[in-house]
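Notes to accompany the following structure.
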Amino acid sequence: MSDPSLAALRARIDALPPLREVLAATGFTAKKSLGQHFILDRNLTDKIAASARAPGADPDAPLSGQTVVEIGPGPGGLTRSLVRAGASVIAVEKDRRAAEALAPLVEAAGGKLTLVIGDALGVDWTALAPQGAAICANLPYNVATPLIAGWLTGPWPAWWSSATVMVQREVADRIVADTGADAYGRLAVLTGARAFATSLFDVSPASFVPPPKVWSSVVRFDPKPDAGDVPVKVLEKVTAAAFGQRRKMLRSSLKSLGDAHTLLETAGIPANERAERVSVADFVSLARLVQARATERC
Ligand code: SAM
């Protein structure tokens with residue numbers, strides 16, 4: 001790392017008080033309703049930040065030149081690591097109390113950290129990051145799935161170049177599940193239709209303050225560039241019907257979509273098949289057929 005301005009930036013961040021002191025000094029106690037479980041261990045936040053790097057990035061400054069959107073910076077542990085890794089960070093935080101805790105970091109970051117106070121569920125991402133961005137976050141567990149689903153079903157090509165997110169391990173399992181697995185369902189199909197997803201590593205409850213009840217995992221999504229023509233809204237309807245009654249045969253669970261028999265026959269899927277045994281590609285074919293039928297009727 002030979003960039004003197006990055007070295008100076010790191011020195012300013014390293015001179016900030018430890019996160020525990022920041023929490024105590026600002027009275028920033030964790031709120032369960034906001035899914036607040038903070039990571040105070042720099043080794044771990046550095047590892048998560050480095051996992052968001054683009055292929056071929058400089059290992060010493062893995063996010064150099066990248067814009068990174070972070071959801072829920074809280075007191076700023078991961079945010080510090082992202083800025084230290086060279087990123088320009090746009091951080092969206094719902095809890096106003098974080099502004100006070102983050103103020104010294106905003107100043108130390110010298111223009112490399114923009115804090116937006118607001119609900120991530122209501123953000124217009126392309127307006128927030130018009131040139132695109134990588135996503136990196138320790139997601140609030142109560143809104144992790146709707147946020148991820150929103151990113152996967154948004155306009156394509158995606159505004160995000162990759163998404164590296166900490167989620168509950170059970171959610172990570174549902175994201176990366178293969179066809180036939182117990183965890184295979186709506187989230188795995190939506191993910192597989194639009195992205196490559198990998199579960200990178202697990203994180204124990206002891207790594208958080210306060211510790212959650214369950215283990216977490218860091219998952220990385222890389223968007224599939226050619227997935228723009230997947231009718232994702234229809235796909236969501238099809239998988240909702242199919243997995244809403246996952247023990248039933250598709251000829252029965254897909255009745256709400258119209259003539260399920262013909263639909264399945266045209267897609268080359270046995271009518272007595274169950275949802276968990278249908279591949280992502282076959283679900284996409286079904287969605288295309290349902291959409292084509294709807295277009296014909298118009
Ligand atoms: N990034 C910090 C860390 O790793 O220590 C905090 C992570 S904590 C699991 C989740 C953060 O998301 C909290 O700071 C919480 O206030 C924030 N949050 C919760 N719901 C949110 C929402 N809808 N929009 C934006 N931020 C939210």
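The values are calculated or read from the model by the stated rules, or taken from the named source; none is laboratory data. Since the model is a prediction, treat every value here as computed from it, not as a measurement. No Cβ is skipped: glycine too gets one built from the backbone with ideal geometry, and neighbour counts run over all protein chains shown. SASA here: full protein model, heavy atoms, side chains in, ligands and nucleic acids out. Shrake-Rupley method; radii C 1.70, N 1.55, O 1.52, S 1.80 Å.
Some points to look at:
- Contacts under 6 angstrom Cβ, first residue in the stretch 152-173 being farther than 16 Å from Leu139 by Cβ, partner β-branched (Val, Ile, Thr) and open to solvent by 40 Å² or more (accessible area, probe 1.4 Å), 6 or more apart: Trp159/Thr126
- For the stretch 116-123, the criterion of being in the same structural domain as Arg20 (by TED's automatic domain parsing), open to solvent by 10 Å² or more (accessible area, probe 1.4 Å), over 22 Å from Ser217 (Cα atoms) and touching a residue at least 60 places away in the same chain (Cβ under 8 Å) is met by none of the residues.
- Screening the candidates Ala103, Ala25 for the property of being within 23 Å of Pro211 (Cβ to Cβ) and free of Cβ contacts under 8 Å to residues at least 24 places away in the same chain yields one hit, Ala25.
- Members of the stretch 66-106 found to be away from the ligand (no atom under 15 Å from the Cβ), out of contact with any strand residue (DSSP E or B) (no Cβ under 9 Å at 6 or more places or on another chain) and open to solvent by 30 Å² or more (accessible area, probe 1.4 Å), listed by number: Pro104
- Looking only at the stretch 43-60, and only at residues there that are in a loop (DSSP other than H, G, I, E, B) and among the charged types (D, E, K, R), the one that is nearest to the chain's Cα centre (by Cα): Arg53
Residues are listed down the side, and each one gets a yes or a no for (1) outside any loop (DSSP other than H, G, I, E, B); (2) closer than 29 Å to Phe201 by Cα:
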position: Pro212; (1), (2): no, yes
position: Ala242; (1), (2): yes, no
position: Ser256; (1), (2): yes, no
position: Thr262; (1), (2): yes, no
position: Glu265; (1), (2): yes, no
position: Ala281; (1), (2): yes, yes
position: Ser285; (1), (2): yes, no
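- Residue among Leu63, Leu40 that alone is in a loop (DSSP other than H, G, I, E, B), open to solvent by 30 Å² or more (accessible area, probe 1.4 Å) and touching a Lys or Arg at 6+ places or on another chain (Cβ under 8 Å): Leu40
- Any hit, the stretch 22-37, residues being in contact with a Ser or Thr (Cβ under 8 Å, 6 or more places away or on another chain) and in the same structural domain as Ala133 (by TED's automatic domain parsing): yes
- Residue match in the stretch 39-47 (condition: near the ligand (Cβ under 7 Å from one of its atoms), in contact (Cβ under 8 Å) with a residue 24 or more places away in the chain and within 13 Å of Ala137 (Cα to Cα)): yes
- Any hit, the stretch 51-63, residues being touching a Pro at 6+ places or on another chain (Cβ under 7 Å) and more than 10 Å from the ligand (Cβ to nearest atom): yes
- Put simply, of Leu147, Leu152 the only residue that is at negative phi, modelled with pLDDT of 95 or more and within 16 Å of the ligand (Cβ to nearest atom) is Leu147.
- Residues located in the stretch 177-210, provided they are surrounded by 17 or more Cβ atoms within 10 Å (Cβ to Cβ), in contact (Cβ under 8 Å) with a residue 24 or more places away in the chain and within 30 Å of Asn43 (Cβ to Cβ): Leu187, Thr191, Ala195, Ala197, Val203, Ser207, Phe208, Val209
- Test: Leu6 is assigned to a helix (DSSP H, G or I), open to solvent by 10 Å² or more (accessible area, probe 1.4 Å) and farther than 16 Å from Lys112 by Cβ: no
- There is no residue in the stretch 52-64 that is free of Cβ contacts under 8 Å to residues at least 40 places away in the same chain, hydroxyl-bearing (Ser, Thr, Tyr) and in the same structural domain as Pro146 (by TED's automatic domain parsing).
- Among strands (runs of 3 or more DSSP E) entirely within the stretch 84-193, having at least 3 residues that are not hydrophobic (A, V, I, L, M, F, W, C) singles out 160-168.
- Note on the stretch 45-56: residues that are open to solvent by less than 30 Å² (accessible area, probe 1.4 Å) and of a type in the set (Gly, Ala, Ser) total 4.
- Scanning the stretch 66-81 for residues that are in a helix (DSSP H, G or I) and hydroxyl-bearing (Ser, Thr, Tyr) yields a total of 2.
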